[in-house]
Structure formats: structure tokens, C-alpha cells
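Peer 1: Quick one: the structure is below, and I'll ask about it shortly.
Just so it is clear, none of the values below were taken in a lab; they were calculated from the coordinates. Not measured: the values here are computed from a predicted model. Note that each Cβ is placed from the backbone with ideal geometry, even for glycine, and that neighbours are counted across all protein chains shown.
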Amino acid sequence: MLKPVPDKPRRNFVKKAARTFMLASKQDELPIDVDSLFEDNGWLLMPAETAEQQVGMSIPIEFWQNDSAEALTCYYADKFITLYKTQGRIPQKIRFTKAHELGHIVLNHLTDYEQPDSFSIERSSEYHTLEREAEMFAAEVLAPTPVLRDIDLFEAQYIQTVCDISESAADITVSDINLDLNVSEADKNAVLRKFHKFIYSASYLKRVRKNTCPLCGVALSGNENHCQVCGEKIHRSLYDHPKLYGSPPQTHNGRLLYCPKCKNAVLRGGRVECPNCGQSLYNKCTNPEHKWLLPGFARYCPYCGEVTTYYSSGVITEWRVDNYNADIEQDLFYKHIDGVPVSVDWHFWVHRILPKENVNLYIILKDSVATVEYGDLVVYANIDELPEAYIRESMLRYCGMDVISINIENGGFMYDV
Ligand SMILES: [Zn+2]
Ligand SMILES: [Zn+2]
Ligand SMILES: [Zn+2]
Ligand SMILES: [Zn+2]
């Protein structure tokens, strides 16, 4: 049965389909490897020029004559085949075209509307909404909005670089990010979990260039007299890949989530100091006249160069130590224990879920590592007991992981500085 063409793009359906498709794939970092999305599904992909000249496929002459036709996907001999033009096209444009064609396949445009190929969809004004749907799908696959929101990537210029897409595709993405505030929590969580390693290790910064501090490498805003991280007086900057310096866990308005000094997790709103030990709960310049809030990673006041409240009390370490630890933590994602890979899901659950859901358990487990094999969870931490029922329930809810047994081994993630 021929379905009626939707009269406007089915935005939620398309975005959801794109996310489901991504979650089922092997892709877990940006830029997305579009070619392997075809390959892993057994769909053929090749340049149209090659298909005609080397494989001898017959391609409609109108396809070649129509310069705005970028690709052609058809269902042939039980397989989807996508042919794309390469001549005079930049690689970013081609990547988007391929993802657009994936959209036609995954959204069932070719089967539900009984079109012989995507070129027929392209040419007909009747199918205009399907074209728009394929665009929306492509944008979500190449630039997943939950990831971009999470790493605060809102500028088209950086989205273009990190996702390896064209300027116009990045513009579509920027408007998508703003429209996607209502992504369901479960969807968002699943995407963030898949990209956890990429997000947590900030590997996207390796693609971005900004004005950075020549000594410590942090990105500069251009207004500071002193570097917030290393305290150097800013005379010049380097245009380079910025380094990321971590903050202690904070609430969204910049207050410590728990007191790292005395491990007090019961902090009520309105307080500026820990009631137990007097630790400042906000990061500010130690000069009391400079009352403005500084980012959690700031060691020095960018205006006067004095140390900050977090740094003076030891809540954050010297920048070189932080830098060194970040390298160790990055390595952790690739480690094996007794031949079993360290669980990225566990790391995600401890560092993304627990701070919001159970701060006390987070404090206990923040330096733990774990492996999971056939439902057997082995937690390496310096503790005697764990709330097993809670862990099972929460791991299932947030990581889709069915934990059968939980074992504790001595050890944990120790920084060997
Ligand atoms: Zn199309
Ligand atoms: Zn610096
Ligand atoms: Zn305290
Ligand atoms: Zn100051």
C-alpha cells in the first residue's frame, strides 16, 4: 500500500530514528565514520563515476545533467546501493550527502512510498517533505545534538570542525540544537553514554583551535590579565588545540556538589561555606573585593592574579598535576584487567549518574574501576560493601546493563604522582 506523503517533516520521528540508528552502530566519537555506517549494514556505497565507468552500471542521463542531484540510492538485488557524485564536491559536502541518503534508507522512504530511487524523490515537488526529513536525519547522525549540547558546542564554526561537516550543514545543526531542548531524558542519556569516552576525555578539543595560554594551553577569552590556570601574565597567545582542565563536581550554578575537604555531602542552598570545615563552596578570587564567580578549574584570578578559593584550599591541584592525571585517566579507558576491558559504562554511571543521584556513593566510588563480563560486575575499590540492589537497579536503568553478580576487589584508580 502506498502511504500518503507527510505534509510536513516528521521532526520527532526523524530525530528519534536517527538516534536509534546511531545507538545501534559502532560509532562512539566525532567525526562520525559515515562509510562504515553503510558497510556495517551491508549497504553498498560508491562514487557514481566509478559505478558507471568501472562497474558499468547504467545511470540515468538526467542524474548527470542535473547538477543539484548529489546522489542516487536504489534498492537492487536485495541490497540498497548508494551512488554519489564526487566531482567538484568538497569532502564535507559528500559526507553530508551520504548521511542524507542513509536517511532515505533508514526512514523507509524508498519502501513506504514505492519510489524507484532517491533521485525520483529529489526531483518531485510532491516529495519535498521527504527531502527535508533526509536532511534532518543527516544533521542528527553527523552532529548528534545531545553530544554537542553536552560539550557546549554551539558555534557553527566549531561544530563544522568537530563534526567534519560543511558550513551550511553546521547552520542546520545550530538551529537543531536550539529546537532539541525536549529530547527525552532516556534518549539523551543513551547517546551520552555511547559517547562518554569521547566527551569525558575531551578528545574533540584535538580538532578545535583557539587562542590558548602559551604555558598551560588552556583556551583564553582574550579579557584576562593573568591565565586562570597557571597564573602567568598574559603577553601573547598561541593559536592551538586547547587543553581541558577539570573542575570538581559542581551544581549548575557553580557550587561544590560536596565538600572535598571533609566529604560532607549535605550542603543546603544559600550556604557559601561548608558548615563542617569552612571550605568555600564557590570558586572566587581570595581578594574579597573580587566577588565574581570563577570557573571550577580556575586557580588564579584572571584580573589580579591572586589564587582562588578552590586552589588555596587544595580542592584543585597544581595545573601540571591535573594535566598529568588527565592523561592517566584517558589511558584508563583502554586498560584491561585480567584480560577483561575496563568498563566505560561503569565510568559513565559513576561520573555522570551518581553525582546527581547519590553523592555519598559517588564519593566512595569516584576512584573505582570495574569490569563487566557476562553480567558479572567486578568493582575495584577500597571498600568492604556496596549497596548491591541499588547498583543493579540503577545500572539497568541508566546503562541498560543486567548485573547478575557483584564482586569487590581491592584496588581502585590511584593516581601515581
Ligand atoms: Zn534526497
Ligand atoms: Zn596558563
Ligand atoms: Zn567541609
Ligand atoms: Zn582577583
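Peer 1: Expressed as a whole number of Å, what is the distance separating the alpha-carbon centroids of region 119-155 and region 325-392?
Peer 2: 36 Å
Peer 1: Okay, next question. To make sure I understand the rule: partners must be lysines, Cα under 16 Å from the Cα of residue 206, and not fewer than 8 residues away in the same chain. Which ones qualify?
Peer 2: Leaving aside lysines fewer than 8 places away in the same chain, those within reach of residue 206 are 197, 243.
Peer 1: Give, rounded to the nearest 20 debye, the magnitude of the charge dipole that the chain has about its Cα centre when Lys and Arg contribute +1 at Cβ and Asp and Glu contribute -1 at Cβ.
Peer 2: 1500 debye
Peer 1: To continue, here is another question. Can you put 43, 292 in order of Cβ neighbours within 10 angstrom, beginning with the fewest?
Peer 2: 292, 43
Peer 1: Ok, one more. Subtracting the Cα-Cα distance from 0.36 nm times the residue separation, let me have the gained length for residue 240 to residue 388 in nm, one decimal.
Peer 2: Contour length minus the Cα-Cα distance gives 48.7 nm.
Peer 1: Check cross-link reach from residue 85 to the lysines: straight Cα distance under 21 Å, and skip same-chain residues fewer than eight apart.
Peer 2: Reachable lysines: 93, 98.
Peer 1: While we're here: Which of the peptides 102-114, 122-134, 50-62 is most tightly packed, and how do the rest follow, going by the mean number of other Cβ atoms within 10 Å of each residue?
Peer 2: Packing proxy ranking, top to bottom: 102-114, 122-134, 50-62.
Peer 1: Need one word for region 333-409: rounded, prolate or oblate. Basis is the Cα gyration tensor (sqrt eigenvalues a ≥ b ≥ c); a/c below 1.5 gives rounded, then a/b vs b/c decides.
Peer 2: rounded
Peer 1: Kindly rank 69-80, 136-147 from highest to lowest mean number of other beta carbons found within 10 Å of each residue.
Peer 2: Put in order of decreasing packing, that is 136-147, 69-80.
Peer 1: Here's something else I'd like to know. Cross-link list 15/210; 263/291; 79/194; 233/284; 16/366: which exceed 23 angstrom alpha carbon to alpha carbon?
Peer 2: Violating the 23 Å Cα-Cα cut-off are 15/210; 263/291; 79/194; 16/366.
Peer 1: Using Cα atoms only, what is the angle between the long axis of helix 319-332 and the major principal axis of the chain, expressed in degrees (0 to 90) to the nearest 10?
Peer 2: 50 degrees
Peer 1: Quick check: the angle from helix 128-142's long axis to the longest principal axis of the chain, C-alpha only, nearest 10 degrees?
Peer 2: So the inclination is approximately 40 degrees.
Peer 1: When a footprinting reagent is the concern and you count Cβ atoms within 10 Å, what order do 390, 311 take, fewest first?
Peer 2: By the 10 Å Cβ count, ascending, the order reads 390, 311.
Peer 1: At a Förster radius of 56 Å, what calculated FRET efficiency corresponds to the Cβ-Cβ distance of residue 108 and residue 318, to the nearest 0.05?
Peer 2: 0.50
Peer 1: Here's another thing I want to ask about it. Quick check: the angle from helix 167-179's long axis to the longest principal axis of the chain, C-alpha only, nearest 10 degrees?
Peer 2: 60 degrees
Peer 1: May I ask you to order 402-411, 23-32 by the average number of other C-beta atoms within 10 Å around their residues, highest value first?
Peer 2: The packing order, highest mean first, is 23-32, 402-411.
Peer 1: Compare the Cα positions of 269, 31, 44 along the charge dipole of the chain (+1 at Cβ of Lys, Arg; -1 at Cβ of Asp, Glu; about the Cα centre) and return the one farthest towards the positive end.
Peer 2: The residue sitting most towards the positive pole is 269.
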